[in-house]
1. Can you tell me how many residues within the range 41-68 are out of contact with any strand residue (DSSP E or B) (no Cβ under 9 Å at 6 or more places or on another chain) and either hydrophobic (A, V, I, L, M, F, W, C) or surrounded by 13 or more Cβ atoms within 10 Å (Cβ to Cβ) (or both)?
2. Please count how many residues of the range 41-70 are small (G, A, S) and at pLDDT 95 or above.
3. Restricting the search to the range 41-70, which residues are of a type in the set (V, I, T) and over 16 Å from the mean Cα position of the chain (by Cα)?
4. Give the range 38-65 a look and list any residue that's under 19 Å from L21 (Cβ atoms) and of a type in the set (D, E), or say none.
5. Taking the range 7-40, which residues are open to solvent by 60 Å² or more (accessible area, probe 1.4 Å) and among the hydrophobic types (A, V, I, L, M, F, W, C)?
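The values are calculated or read from the model by the stated rules, or taken from the named source; none is laboratory data. Here the structure is a predicted model, which means the values were calculated and not measured. Note that each Cβ is placed from the backbone with ideal geometry, even for glycine, and that neighbours are counted across all protein chains shown. Heavy atoms of the whole protein, side chains included, go into the accessibility calculation; ligands, DNA and RNA do not. Shrake-Rupley method; radii C 1.70, N 1.55, O 1.52, S 1.80 Å.
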Amino acid sequence: KGGMGGGGPKYTIVETQGHNLLVTDNSTNTVYFYTIDKDGKVGDDLKLRGSCDLTQVGKDVIKLTKAAAK
């Protein structure tokens, strides 16, 4: 389920500490950042906060995409 046509993994976990998660979608070259709410505790739901298009790497500025507020 997590594989791509090239045989590599679809997702790579970059970092996690229980209260946040950085994960790369290898098929779209996008990094997603998830974290708990400001007053949350480890184990609470992780919510998408933003993403970054990795095709921008090497440019002078990398623009981040904020997650839609709910």
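1. 5
2. Residues that pass the stated criteria total 3.
3. Answer for the range 41-70, where residues must be of a type in the set (V, I, T) and over 16 Å from the mean Cα position of the chain (by Cα): V42, V61.
4. Residues satisfying the conditions are D39, D44, D45, D53.
5. Within the range 7-40, I13, V14, F33 meet the criteria.
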